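*Asks:* Pasting a structure below so you can have a look.
The values are calculated or read from the model by the stated rules, or taken from the named source; none is laboratory data. Keep in mind it's a predicted model, so treat the numbers as computed, not measured. Cβ sites come from the backbone with ideal geometry, for glycine too, and all protein chains shown count toward neighbours.
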Amino acid sequence: MSNLDYTKRDFLIKIAKMYFLDGLSQQEISNKVGLSRSNISKILKTCRDLNIVEIRINDTSSLGVMFQKEIKEQFNIRNIIVIPSEKDIEKTKIQLGKAAANLLKSMLKGRNKIGISWGSTLYHTVEQFSPIKHMETEVIQLVGGTGAFDLTTDGLELARSLANKLNAKCSVLQAPLIVQSKELKQMLIKEPGISQILKKAEEVDIALLGIGTNYIESSALFRAGFLTEEESRKLLAKGAVGDICGKQIDINGGIYETEINERSIGIELSKLKKIPNRICIASGTQKAETILGALRGEFINSLVTDEDAAIRILSLIKT
């Protein structure tokens with residue numbers, strides 16, 4: 001191989017297609033292109049090393065397949081992936097991220113505008129994402145930032161990281177997720193830099209969405225200091241199960257009327273519903289009620305979740 005330039009991507013792709021798509025043997029390819037069989041084997045290995053070829057095993061359990069079928073039958077949803085639940089929550093999130101990253105990769109077609117909110121599952125999605133090639137793409141932050149709470153899960157950092165992987169433009173929203181008053185929010189969203197990004201957020205064609213819960217143990221808004229424990233418990237008691245893009249919703253898919261929504265900076269849920277591809281990535285039983293609300297309200301049309309959440313969602317539907 002030292003005398004030939006096998007690093008040319010178009011040639012590598014040609015060999016990979018002959019083997020993996022056309023079903024030719026390595027010897028048949030060797031005869032066609034005039035190279036030895038051992039060189040063809042080395043080229044195919046190079047294709048895997050450069051991620052031109054990726055081998056995936058669909059390891060969804062039989063239980064997961066059943067959950068996927070049931071949830072898809074219940075809702076107007078395009079894609080549903082249910083992964084096994086690990087005892088270690090972080091391990092579940094890592095696997096969730098891998099599945100979501102693969103789903104995102106399958107949706108990318110040339111020019112794309114990708115919107116992203118915030119959260120730990122989105123962090124793992126971006127971490128696991130590895131594009132095959134750079135595309136003419138822009139990444140837009142959909143909601144305000146969470147500040148110094150956890151920079152790795154902040155929308156601004158996630159947008160930048162994803163944009164770097166795609167060699168894409170990045171538009172960030174220079175405002176907090178939730179501010180002290182609705183008057184302050186109205187002032188901020190009129191600022192040219194902020195209003196421009198909010199307008200761009202409405203124009204994305206793929207939205208990557210985390211989802212929140214008002215159960216204290218799993219509430220990111222509580223941990224970030226945007227909600228007190230008392231506020232979280234009151235919201236839950238009154239029917240607000242959690243948030244999507246910082247906006248509180250109920251289990252039936254309605255937008256829960258609360259002044260917190262009026263202080264939240266980010267894409268409005270009425271605008272979110274107009275985005276063609278809306279991928280929710282969330283796991284765990286305590287997120288199930290919010291996921292169900294998002295499904296019923298048609299705020300999402302693709303879901304990547306785990307078996308624990310799926311079991312809870314289906315039990316809530318049947319009660």
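*Asks:* Within segment 158-179, can you find the residues that are assigned to a helix (DSSP H, G or I) and surrounded by 20 or more Cβ atoms within 10 Å (Cβ to Cβ)?
*Replies:* Looking only at segment 158-179, we keep the residues that are assigned to a helix (DSSP H, G or I), and these are 158-166.
Once the filter is applied, which keeps residues that are assigned to a helix (DSSP H, G or I) and surrounded by 20 or more Cβ atoms within 10 Å (Cβ to Cβ), segment 158-179 yields Leu158, Ala159, Leu162, Ala163, Leu166.
*Asks:* Also: In segment 200-297, which strands (runs of 3 or more DSSP E) lie fully inside it and hold 1 or more residues that are surrounded by fewer than 22 Cβ atoms within 10 Å (Cβ to Cβ) and of a type in the set (D, E, K, R)?
*Replies:* On the way: elements: 206-209, 240-244, 247-250, 277-281.
Per the criteria, 247-250.
*Asks:* While we're on this one: Output the qualifying pairs, or none if there are none: Cβ atoms under 7 angstrom, residues six or more apart or on different chains, first residue in segment 207-221 and assigned by TED's automatic domain parsing to the domain that holds Lys93 and free of Cβ contacts under 8 Å to residues at least 12 places away in the same chain, second residue in a helix (DSSP H, G or I) and of a type in the set (A, V, I, L, M).
*Replies:* none
*Asks:* Still on this structure, please answer the following. Can you tell me which residue in segment 67-80 is modelled with the lowest pLDDT, limited to those that are more than 10 Å from Ala310 (Cα to Cα) and among the aliphatic types (A, V, I, L, M)? Talk me through it step by step, then tell me what you get.
*Replies:* Let us first name the residues in segment 67-80 that are more than 10 Å from Ala310 (Cα to Cα), namely 69, 72-80.
Checking which are among the aliphatic types (A, V, I, L, M) leaves us with 77, 80.
Values: Ile77: 92, Ile80: 95.
Per the stated criteria, the residue is Ile77.
*Asks:* Within segment 181-218, track down each residue that is closer than 20 Å to Asp150 by Cα and not charged (D, E, K, R). Before you say what the answer is, go through the steps one by one.
*Replies:* Looking only at segment 181-218, we keep the residues that are closer than 20 Å to Asp150 by Cα, and these are 208-218.
Leu208, Leu209, Gly210, Ile211, Gly212, Thr213, Asn214, Tyr215, Ile216, Ser218, listed by residue number.
*Asks:* Mind checking which residues of segment 202-229 are more than 21 Å from Val304 (Cα to Cα) and among the polar types (S, T, N, Q)?
*Replies:* Answer for segment 202-229, where residues must be more than 21 Å from Val304 (Cα to Cα) and among the polar types (S, T, N, Q): just Thr228.
*Asks:* Have a look at Glu127, Glu86, Glu70 and point out the one that is surrounded by 14 or more Cβ atoms within 10 Å (Cβ to Cβ) and more than 21 Å from the chain's Cα centre (by Cα).
*Replies:* On the way: Glu127 fails: more than 21 Å from the chain's Cα centre (by Cα); Glu86 fails: more than 21 Å from the chain's Cα centre (by Cα).
When all the criteria are applied, what remains is Glu70.
*Asks:* Could you tell me whether Leu21 is modelled with pLDDT under 90 and within 28 Å of Met135 (Cα to Cα)? Show your work before the answer.
*Replies:* Details: modelled with pLDDT under 90: yes; within 28 Å of Met135 (Cα to Cα): yes.
When the stated conditions are applied, Leu21 passes them.
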